[in-house]
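Asker: The structure that follows is given in the form of structure tokens.
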4 protein chains.
Amino acid sequence: MFLVSSSCPFSSRSMASKTPVGFVGLGNMGTPMAKNLLKNGYPVIATDVFPESRKELQDTGAQVVDSPADVAEKADRIITMLPSSPNVIEVYTGPNGILKKVKKGTLLIDSSTIDPAVSKEMAVAAEKMGAVFMDAPVSGGVGAASMGKLTFMVGGVEQEYNAAQELLTCMGANVVYCGQVGTGQAAKICNNMLLAIGMIGTAETMNLGIRLGLDPKLLAKILNMSSGRCWSSDTYNPVPGVMEGVPSANSYQGGFGTTLMAKDLGLAQNTATNTKTTIPLGSLAHQIYRVMCARGYANKDFSSVFQFLREEEGQ
Amino acid sequence: MFLVSSSCPFSSRSMASKTPVGFVGLGNMGTPMAKNLLKNGYPVIATDVFPESRKELQDTGAQVVDSPADVAEKADRIITMLPSSPNVIEVYTGPNGILKKVKKGTLLIDSSTIDPAVSKEMAVAAEKMGAVFMDAPVSGGVGAASMGKLTFMVGGVEQEYNAAQELLTCMGANVVYCGQVGTGQAAKICNNMLLAIGMIGTAETMNLGIRLGLDPKLLAKILNMSSGRCWSSDTYNPVPGVMEGVPSANSYQGGFGTTLMAKDLGLAQNTATNTKTTIPLGSLAHQIYRVMCARGYANKDFSSVFQFLREEEGQ
Amino acid sequence: MFLVSSSCPFSSRSMASKTPVGFVGLGNMGTPMAKNLLKNGYPVIATDVFPESRKELQDTGAQVVDSPADVAEKADRIITMLPSSPNVIEVYTGPNGILKKVKKGTLLIDSSTIDPAVSKEMAVAAEKMGAVFMDAPVSGGVGAASMGKLTFMVGGVEQEYNAAQELLTCMGANVVYCGQVGTGQAAKICNNMLLAIGMIGTAETMNLGIRLGLDPKLLAKILNMSSGRCWSSDTYNPVPGVMEGVPSANSYQGGFGTTLMAKDLGLAQNTATNTKTTIPLGSLAHQIYRVMCARGYANKDFSSVFQFLREEEGQ
Amino acid sequence: MFLVSSSCPFSSRSMASKTPVGFVGLGNMGTPMAKNLLKNGYPVIATDVFPESRKELQDTGAQVVDSPADVAEKADRIITMLPSSPNVIEVYTGPNGILKKVKKGTLLIDSSTIDPAVSKEMAVAAEKMGAVFMDAPVSGGVGAASMGKLTFMVGGVEQEYNAAQELLTCMGANVVYCGQVGTGQAAKICNNMLLAIGMIGTAETMNLGIRLGLDPKLLAKILNMSSGRCWSSDTYNPVPGVMEGVPSANSYQGGFGTTLMAKDLGLAQNTATNTKTTIPLGSLAHQIYRVMCARGYANKDFSSVFQFLREEEGQ
């Protein structure tokens, strides 16, 4: 395992020496990531389905082209950041996809969060064209993307890891090598499943403690010095008033939305079903976040499960 | 909130100055706790339903009597450590119970893990006799009891807390004041419910990651630096080979048994049902530990849920 | 097992020959039940905590007294119909309770839905006074109570069953003997737990089928001729438009309220926890009805779980 | 909706008038189905990956060929009966697949139980070749297949339904038209999900009732006359001794295996996840059957969940 916590090693060098980097997918996450490459002196050749997104990056200094195939023609290192598996399949293997014009030896890094089985399929398709595909999903949201503080979990051939790392350290604070292709996705999915379980568990535990007469701050303190401790209890407590600077202190605005958590749990459920793995709590966590999406919590931070589960006065 | 992490304040004093302490319930936990009181210079007046347990403590220097009522006659500070709610009710309010002969002003400290509603009933019954009842369940097992390293979570009238603390610090490393009577139990139950959820969550997450090709040690490392981190992932990992010195490294022997966890989750479920609190994951965790008891895991450490959920080869 | 589906065997007899029947608990269910006794020619001696309820029954011809003890003084057959376990304990064993003045040989029939363990306690307490206690909870709502169409599930000494049956057939269409004291409650709790599981299962199955393009009426028809068939799919379908004359055809008004189902599932959960019985789906059904109570579904029919689980447009 | 419960309408006609029917997939289900076509006078052209299966059908009078493509060359009505989605994809779109040599106007009927999304893909691929694809999964096991008593749930273009029905009635007792392509699968998946929920629910309810002192036969009788009634309680009761002629009366041998139920629940979970449908009990039922596969119940009938959940003596 390689864990790197450094800033971009080339950030002080002159632009002249750097070869261009392709970037496909200029959404909320992709745009700040591409900008960080530019800041670090990499010429960027980018595209997106939305013209406004292309325009924004062009104004920052990137060269914009029409399609993923065009990107592949001009760059031999390409990063993709897309919403879901079908988009990744289209961008790589579609009629104007990267693989239509990819050059031999090109390094393809996909930072989307998708089914690891799709990552493996893309790696096989890329290999047939003489290119190398790695999955490198991120943890951290839009804020971390802007500040270059993302964590990348990387799966793929180990020999290519150094080359990937050079670029990823310009966009993230931590880069972790996880193993063969798909293991980056696997690590991401596993972490978020346990996160969801810990968050719902913390929410219901805090609810129960309050009902039984405990002060929420005191209960959090006791849990955090005991075996109930978890990230959701000590760093991102879901009960308003227990911590400052977290979504629960701000009406559950900002943070990591319930729909995004439901999507990641859907990926966890699919990979578990397809590998015949038993995940009872992960499965129930998925169902809870799904029903929250149906009941008006879609755009609130995922810690709002505390509020969702809480019985109203008078019931 | 008061949190004390000191050793017993009187441990260097001479024995002569100390008044006797009563102790009812000389099981696996009660015996080492009573011995620590003796070590710290307190005369102990003890009883238990089993003659062998009485004999063992007598040999260590305690005075042994026939019934809880007899203890109450001779001591004005009494600690009880019993298996479950019905035992507590019997020991306090039964025909030979403490309250039959309790002296006015006696301090009663119950370290059993029971339903907080029963603690409240006992407090009311004690008050009628002019005595004071506090609940002070422990976290930590037989080992911690022997070394005087238990954590006590204390509920009861705040003015009496100092008096309780004097004794509890002889048997534990941490003493936490939680609030009114019953909140010690509430804190214990809440912690153990979140612990169970975190453990099952960690087990299924590790299982899924391994299925997806991740090395278990690496996955644990990634979780522990990310938002999936919890006590079960970083301190008590359930996967054999990931950590040393935990039950998973020793065929799930020792540690905290599945039946004990099932019992605590039953208490959590009862208090949640009776207070109309929604605990979806806590409820499912309870069911999982119940079915484990039925399928041969009753006496293994509760981290054996990793093994229970794991699909065998060839399925 | 005795199953009786007849009308009251004495309904055509003259009033003169009948000894009075006591009735405690004149709520939504108790009042029409007591009226049916009156209609069938039984003098009724009744009481309730609310004066208005007493007044209403007095106007129908009952004699009204001040307390359960007063009822016990004047009647040697008494029926009780109360909201929950604590009320039953109070009415039987409280300071003005039935057992304070109960006559030897009195037949006590409790039609409340409560914890079977409490029924057993009441039976023991009654036996000490020389009286006989039977539990006889009902299935069927206010409508069935008015029309004398309730089903009674009866637990208690078999020799007394005939005497109980005489009265119960005046209020119900079916009377079932279930076994020893507490088994009437057990049967009721078991039925309602399976009912809740079947209803939620039907709701999510119908939801899934509709999402997959099936017409709801056709899907119901297929399920009802196949192994998915259950009472909730063929008699009380939760999808608006599939059946006439059920709550789903009337905005989920009327029927069996979500809070009542949550209460019965709480009883099922408590008895399961206390007998160490694993009920994974029953447990989750309980949690779902609890969270529905918290999210505005408390007073809707329990089939509204279909609506609760349904994703809104645009999510 | 069309529901046909007749025997094969052409069974008395002479063989001469019938055109051949192709059959791919000669497993436990496919072989008796193909034999029923032969019995009804249809020439059958068949293939399978296993030579022994081909041999068996050849001995019964079928013409055997090497590949699905060869079947397509010789028959313009083809039935496929395969274990899972990947097999269906291979048999239709693989290098020697049906679509390589399919004739215009050919009717393709897939009786496999697979993801409805795959059925839709196959229909699109078939349409491109001028052929028509319908999904027609069955309910009923090997026995029903042998006796021609299967139920077919059919999805596809309505105009082609009559042609499909002609063949399906030779192999089944019921044929139900469900709607557009994929709805046959949807109906099958929905039914089996509700079946699984009903079975586990019945198992835990019977377990709880027995614990509470009810006679299992009496409890089943009460449930079956009440709102807890379902197919698993009244037709396929999981408790040994309650019914004759069901797997629970025969050590859970025969019937519908736990692995098969786990597979169908996996399909239900996948379609629910992909359509963002909330299925809390279906999800948990899936997890329970998965863990049963891991704990030695893989080859027992799915009603063995009664045994799986039951606490052993002495726990």
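The values are calculated or read from the model by the stated rules, or taken from the named source; none is laboratory data. As the structure is a computational prediction, the values presented were derived from the model and not from experiment. For neighbour counting, all protein chains shown are included, and Cβ atoms are generated from backbone atoms with ideal geometry for every residue, glycine included. These area figures cover heavy atoms from the full protein model, side chains too; ligands, DNA and RNA do not enter into them. Shrake-Rupley method; radii C 1.70, N 1.55, O 1.52, S 1.80 Å.
Asker: For the range C:158-175: of the residues being of a type outside the set (A, V, I, L, M) and assigned to a strand (DSSP E or B), which is nearest to C:Ile78 (Cα to Cα)?
Answerer: Checked the range C:158-175; the qualifying residue nearest to C:Ile78 (Cα to Cα) is C:Gly172.
Asker: Have a look at C:Thr31, C:Thr60, C:Thr80 and point out the one that is touching a Lys or Arg at 6+ places or on another chain (Cβ under 9 Å) and of a type in the set (Ser, Thr, Tyr).
Answerer: Step by step, each of C:Thr31, C:Thr60, C:Thr80 is checked, and only C:Thr60 is touching a Lys or Arg at 6+ places or on another chain (Cβ under 9 Å) and of a type in the set (Ser, Thr, Tyr).
Asker: Sort out which residues of the range C:292-310 are at the interface with chain A (Cβ under 9 Å from one of its Cβ atoms) and open to solvent by less than 10 Å² (accessible area, probe 1.4 Å), and write them in order of number.
Answerer: C:Cys293, C:Ala294, C:Ala298, C:Phe308, C:Leu309
Asker: Which one is farthest from B:Met225 (Cα to Cα), of the residues in the range A:214-232 that are modelled with pLDDT of 95 or more and surrounded by fewer than 20 Cβ atoms within 10 Å (Cβ to Cβ)?
Answerer: Residue satisfying both the conditions and the ranking: A:Asp215.
Asker: Scan the range B:46-62 for residues that are assigned to a strand (DSSP E or B) and hydroxyl-bearing (Ser, Thr, Tyr) and report the count.
Answerer: Going through the range B:46-62 one residue at a time, the tally reaches 1.
Asker: Search the range A:73-96 for residues being in a strand (DSSP E or B) and touching a Phe, Trp or Tyr at 6+ places or on another chain (Cβ under 8 Å), and hand back the single one that is surrounded by the fewest Cβ atoms within 10 Å (Cβ to Cβ).
Answerer: Among those that are in a strand (DSSP E or B) and touching a Phe, Trp or Tyr at 6+ places or on another chain (Cβ under 8 Å), it is A:Thr80.
Asker: On to the next question. In the list B:Thr278, B:Thr271, B:Thr235, which residue meets the criterion of being open to solvent by less than 10 Å² (accessible area, probe 1.4 Å), of a type in the set (Ser, Thr, Tyr), farther than 21 Å from A:Pro280 by Cα and at the interface with another protein chain (Cβ under 9 Å from one of its Cβ atoms)?
Answerer: That would be B:Thr271, the only listed residue that is open to solvent by less than 10 Å² (accessible area, probe 1.4 Å), of a type in the set (Ser, Thr, Tyr), farther than 21 Å from A:Pro280 by Cα and at the interface with another protein chain (Cβ under 9 Å from one of its Cβ atoms).
Asker: Test A:Ser146 against the criterion of being small (Gly, Ala, Ser), open to solvent by 40 Å² or more (accessible area, probe 1.4 Å) and within 22 Å of A:Ser53 (Cβ to Cβ), and give yes or no.
Answerer: The answer is yes for A:Ser146.
Asker: Those residues that are within 14 Å of chain A (Cβ to nearest Cβ) and within 24 Å of B:Met292 (Cα to Cα), I need them from the range C:253-268; list them, please.
Answerer: Within the range C:253-268, just C:Gly266 meets the criteria.
Asker: Name the residues in the range C:12-30 that are in a helix (DSSP H, G or I) and either open to solvent by 10 Å² or more (accessible area, probe 1.4 Å) or at pLDDT below 95 (or both), would you?
Answerer: C:Met15, C:Ala16, C:Ser17
Asker: Also: Just to verify a result, which residue in the range B:123-137, among those that are in contact (Cβ under 8 Å) with a residue 40 or more places away in the chain and among the hydrophobic types (A, V, I, L, M, F, W, C), is surrounded by the fewest Cβ atoms within 10 Å (Cβ to Cβ)?
Answerer: Looking at residues that are in contact (Cβ under 8 Å) with a residue 40 or more places away in the chain and among the hydrophobic types (A, V, I, L, M, F, W, C), I get B:Ala123.
Asker: Output yes when any residue across the range C:220-231 is of a type outside the set (A, V, I, L, M, F, W, C) and part of a helix (DSSP H, G or I), and no when none is.
Answerer: yes
Asker: Also: Can you tell me which of (1) in contact with a helix residue (DSSP H, G or I) (Cβ under 9 Å, 6 or more places away or on another chain); (2) free of Cβ contacts under 8 Å to residues at least 12 places away in the same chain is the one B:Gly228 doesn't meet?
Answerer: (2)
Asker: Run down A:Val239, A:Val176 and say which single residue is among the β-branched types (Val, Ile, Thr) and in contact with a strand residue (DSSP E or B) (Cβ under 8 Å, 6 or more places away or on another chain).
Answerer: Step by step, each of A:Val239, A:Val176 is checked, and only A:Val176 is among the β-branched types (Val, Ile, Thr) and in contact with a strand residue (DSSP E or B) (Cβ under 8 Å, 6 or more places away or on another chain).
Asker: In the range D:100-121, which residue that is out of contact with any strand residue (DSSP E or B) (no Cβ under 9 Å at 6 or more places or on another chain) and farther than 19 Å from D:Lys188 by Cβ is nearest to the other protein chains (Cβ to nearest Cβ)?
Answerer: Within the range D:100-121, the match that is nearest to the other protein chains (Cβ to nearest Cβ) is D:Lys100.
Asker: Sort out which residues of the range A:181-213 are farther than 20 Å from A:Gly282 by Cβ, surrounded by 24 or more Cβ atoms within 10 Å (Cβ to Cβ) and facing chain B (nearest Cβ under 7 Å), and write them in order of number.
Answerer: Scanning the range A:181-213 gives A:Asn207, A:Leu208, A:Gly209, A:Leu212.
Asker: So if I check each of B:Gly140, B:Gly172, B:Gly155, which one is within 16 Å of the chain's Cα centre (by Cα), open to solvent by 40 Å² or more (accessible area, probe 1.4 Å) and within 14 Å of chain A (Cβ to nearest Cβ)?
Answerer: Exactly one residue qualifies, and that residue is B:Gly140.
Asker: Just checking, does the range A:64-72 include any residue being crowded, with 24+ Cβ neighbours inside 10 Å, assigned by TED's automatic domain parsing to the domain that holds A:Val154 and in a strand (DSSP E or B)?
Answerer: no
Asker: Next question, about the same structure. For B:Gly282, indicate whether it is touching a residue at least 60 places away in the same chain (Cβ under 8 Å) and either over 19 Å from the mean Cα position of the chain (by Cα) or over 22 Å from A:Met292 (Cβ atoms) (or both).
Answerer: Taking the combined requirement at face value, the residue does not satisfy it.
Asker: Now, a different point. Checking C:Thr205 against (1) at pLDDT 95 or above; (2) over 15 Å from D:Leu194 (Cα atoms), which test does it fail?
Answerer: Of everything listed in (1) at pLDDT 95 or above; (2) over 15 Å from D:Leu194 (Cα atoms), C:Thr205 misses just condition (2).
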